[in-house]
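Engineer: Below is one structure. I have some questions about it.
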Amino acid sequence: MASVFGAVRPVSLAGVDLPSTTYRVSRKLPLEGLVKSIERFGLLESPVLLREAGRLVPVFGHNRLAALERAGVENFNAVVVDVINPIAYRDRAVLKCARNEAGPVGRMRMAAILRTLGLGEEELSRTVRHGLEVPAEFSSAEMAGSVMRLPGRLRDYIDLRDVGFKVIKGLLGLPAEAHEFLAGRIDDAGIRINIFRDLIEMMSDILRRDGTLSTVLGMPVPESGDRRRDEQLLHEAVYSLRYPAYSEMKEKAVLIASEIERGGCSVGIPPYFEGGEVSLTIHFGRGDDEASIRRRLTGIDARKIGKLIGLL
């Protein structure tokens with residue numbers, strides 16, 4: 001079996017520098033599926049290794065190598081090269097992108113590696129645009145370096161969630177302390193991509209307005225015990241800092257809602273006062289008769305509901 005890099009040969013896993021991430025471009029994925037595939041069918045695609053200083057450095061196949069180690073495989077077939085051919089690397093890189101195996105950070109690293117390998121500028125530009133699908137401004141060594149200086153957890157999140165380049169640009173406009181803050185919150189609450197995108201935008205606005213993010217960075221970590229709830233609490237806290245009037249309106253709304261709920265119903269207020277309606281829910285049980293039902297309905301203060309709607 002051969003690849004664009006050459007023929008495969010038997011290799012011992014003990015001779016591979018597994019911790020090396022010099023050429024890593026793939027997303028870090030759960031290994032369970034790969035391990036099961038290796039156990040059932042063997043290694044279906046051979047890693048590419050670079051012979052360097054007496055060790056074999058992974059070029060392509062980092063996830064497969066980790067799965068081999070997890071599966072307890074000691075020997076396998078791989079392509080071993082002494083020099084990385086830039087055309088061969090380009091072909092494999094474009095294939096990985098076509099398979100959606102690399103996220104934005106990985107694609108930027110591919111562009112940086114191809115530049116280091118000496119791929120001609122014209123061919124590099126064509127590959128970056130049409131093969132790696134990386135905007136021209138993100139293909140520079142300087143931009144790649146800025147992204148690689150982000151905390152590892154943040155880089156992994158960007159790749160795993162396919163964060164858009166526009167959001168990445170906004171993220172790079174924030175100070176290093178903000179990067180650490182977000183990396184920590186990713187660990188704590190997971191953060192869905194739409195929430196992450198909103199946080200970047202709001203933090204950028206606060207930084208432009210106040211000249212600092214100290215109010216955001218000093219916020220305590222939400223500890224409700226529910227990941228989704230913690231995520232929402234974080235979003236609401238930053239939203240309140242971005243839109244101070246919202247906090248005042250929310251306090252008024254909560255107070256009015258609590259007064260309405262004394263009448264025996266629950267009140268639903270739309271998040272961030274978006275939309276033009278509030279909801280009231282009244283629960284009746286088997287013990288309620290016509291008279292008790294009427295009392296509860298007439299006990300609802302319509303004037304307070306009007307005040308609540310007036311805040312929307």
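Engineer: Quick one: would you say E101 is open to solvent by 40 Å² or more (accessible area, probe 1.4 Å), charged (D, E, K, R), assigned to a loop (DSSP other than H, G, I, E, B) and over 14 Å from T21 (Cα atoms)?
Structural biologist: Values: open to solvent by 40 Å² or more (accessible area, probe 1.4 Å): yes; charged (D, E, K, R): yes; assigned to a loop (DSSP other than H, G, I, E, B): yes; over 14 Å from T21 (Cα atoms): yes.
The answer is yes for E101.
Engineer: Take the residues of the stretch 38-57 that are closer than 12 Å to I84 by Cβ and not hydrophobic (A, V, I, L, M, F, W, C): which is modelled with the lowest pLDDT? Spell out how you get there, then give the answer.
Structural biologist: First, the residues of the stretch 38-57 that are closer than 12 Å to I84 by Cβ: 48-52, 57.
Narrowing further to those that are not hydrophobic (A, V, I, L, M, F, W, C): 51-52.
Details: R51: 95, E52: 92.
The residue in question is E52.
Engineer: Looking only at residues that are part of a helix (DSSP H, G or I) and in contact with a Ser or Thr (Cβ under 7 Å, 6 or more places away or on another chain) in the stretch 35-63, which one is nearest to V16 (Cα to Cα)? Show your work before the answer.
Structural biologist: Initial filter on the stretch 35-63 (part of a helix (DSSP H, G or I)): 35-41, 62-63.
Filter again for in contact with a Ser or Thr (Cβ under 7 Å, 6 or more places away or on another chain), leaving 62-63.
Details: H62: 11, N63: 13 Å.
By that ranking, first place goes to H62.
Engineer: Also, I was wondering about something else. Can you name the condition, by its number, that E290 falls short on among (1) in contact (Cβ under 8 Å) with a residue 24 or more places away in the chain; (2) acidic (D, E); (3) more than 27 Å from L174 (Cβ to Cβ)?
Structural biologist: If we test E290 against (1) in contact (Cβ under 8 Å) with a residue 24 or more places away in the chain; (2) acidic (D, E); (3) more than 27 Å from L174 (Cβ to Cβ), just (1) comes out false.
Engineer: Pull up the stretch 9-34, narrow it to residues that are part of a helix (DSSP H, G or I) and touching a residue at least 60 places away in the same chain (Cβ under 8 Å), then point me to the one that is least open to solvent (accessible area, probe 1.4 Å). If you could, list the steps in order and put the result at the bottom.
Structural biologist: Filtering the stretch 9-34 for residues part of a helix (DSSP H, G or I) gives 13-15, 32-34.
So of that shortlist, the ones also touching a residue at least 60 places away in the same chain (Cβ under 8 Å) come out as 13-14.
Numbers: L13: 19, A14: 82 Å².
Restricting to residues being part of a helix (DSSP H, G or I) and touching a residue at least 60 places away in the same chain (Cβ under 8 Å), the top hit is L13.
Engineer: Here is a further query. If you check every pair at least six apart or on different chains, which have Cβ atoms under 8 Å apart with a residue in the stretch 223-241 that is of a type in the set (D, E) first and a residue that is surrounded by fewer than 16 Cβ atoms within 10 Å (Cβ to Cβ) second?
Structural biologist: D230/D188; D230/V221; D230/E223; D230/S224; E231/G190; E231/R192
Engineer: When you go through (1) touching an Asp or Glu at 6+ places or on another chain (Cβ under 7 Å); (2) part of a helix (DSSP H, G or I); (3) open to solvent by less than 30 Å² (accessible area, probe 1.4 Å); (4) farther than 25 Å from R129 by Cα one by one for R153, which number turns out not to apply?
Structural biologist: Here R153 clears every test but (3).
Engineer: Also, quick follow-up: Looking only at the stretch 285-296, which residues are open to solvent by 60 Å² or more (accessible area, probe 1.4 Å) and either closer than 23 Å to P270 by Cβ or not in a helix (DSSP H, G or I) (or both)? It would help to see each step written out before you state the result.
Structural biologist: Taking the stretch 285-296 and keeping what is open to solvent by 60 Å² or more (accessible area, probe 1.4 Å), we get 286-287, 289-290, 294-296.
Once the filter is applied, which keeps residues that are open to solvent by 60 Å² or more (accessible area, probe 1.4 Å) and either closer than 23 Å to P270 by Cβ or not in a helix (DSSP H, G or I) (or both), the stretch 285-296 yields R286, G287, D289.
Engineer: Further question: How about the stretch 62-93: which of its residues are closer than 15 Å to G6 by Cα and either polar (S, T, N, Q) or open to solvent by less than 10 Å² (accessible area, probe 1.4 Å) (or both)?
Structural biologist: Result: N77, A78, V79, N85, A88, Y89.
Engineer: Could you please let me know if G276 is more than 30 Å from I186 (Cα to Cα), open to solvent by 60 Å² or more (accessible area, probe 1.4 Å), touching a Leu at 6+ places or on another chain (Cβ under 6 Å) and not polar (S, T, N, Q)?
Structural biologist: Numbers: more than 30 Å from I186 (Cα to Cα): yes; open to solvent by 60 Å² or more (accessible area, probe 1.4 Å): yes; touching a Leu at 6+ places or on another chain (Cβ under 6 Å): yes; not polar (S, T, N, Q): yes.
Yes.
Engineer: Go through (1) modelled with pLDDT of 95 or more; (2) part of a helix (DSSP H, G or I) for G145 and report which single condition fails.
Structural biologist: It fails just one condition, (1).
Here's the yes/no breakdown for (1) without any contact (Cβ under 8 Å) to a residue 24 or more places away in the chain; (2) not small (G, A, S):
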| residue | (1), (2) |
| --- | --- |
| R126 | yes, yes |
| V134 | no, yes |
| A141 | no, no |
| R161 | no, yes |
| I191 | no, yes |
| N194 | yes, yes |
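Engineer: While we're on this one: Among the candidates A111, A66, single out the residue that is in a helix (DSSP H, G or I), in contact with a Ser or Thr (Cβ under 6 Å, 6 or more places away or on another chain) and touching a residue at least 12 places away in the same chain (Cβ under 8 Å).
Structural biologist: A111 is the lone residue from the list that is in a helix (DSSP H, G or I), in contact with a Ser or Thr (Cβ under 6 Å, 6 or more places away or on another chain) and touching a residue at least 12 places away in the same chain (Cβ under 8 Å).
Engineer: List pairs: first in the stretch 245-258 and more than 19 Å from R303 (Cβ to Cβ), second open to solvent by less than 40 Å² (accessible area, probe 1.4 Å), Cβ under 7 Å, 6+ apart or cross-chain?
Structural biologist: Y246/S240; Y246/Y272; S247/S240
Engineer: Do you know which residues across the stretch 110-138 are open to solvent by less than 40 Å² (accessible area, probe 1.4 Å), under 27 Å from V167 (Cα atoms) and not hydroxyl-bearing (S, T, Y)?
Structural biologist: M110, A111, A112, I113, L114, L124, V128, G131, L132, V134, F138
The values are calculated or read from the model by the stated rules, or taken from the named source; none is laboratory data. All of these numbers come straight from a predicted model, not from anything done at the bench. When we count neighbours, we look across all protein chains shown, and the Cβ atoms used for this are built from the backbone with ideal geometry, even at glycine. Just so you know, the surface numbers come from the protein's heavy atoms only, side chains and all, with ligands and any DNA or RNA stripped out. Shrake-Rupley method; radii C 1.70, N 1.55, O 1.52, S 1.80 Å.
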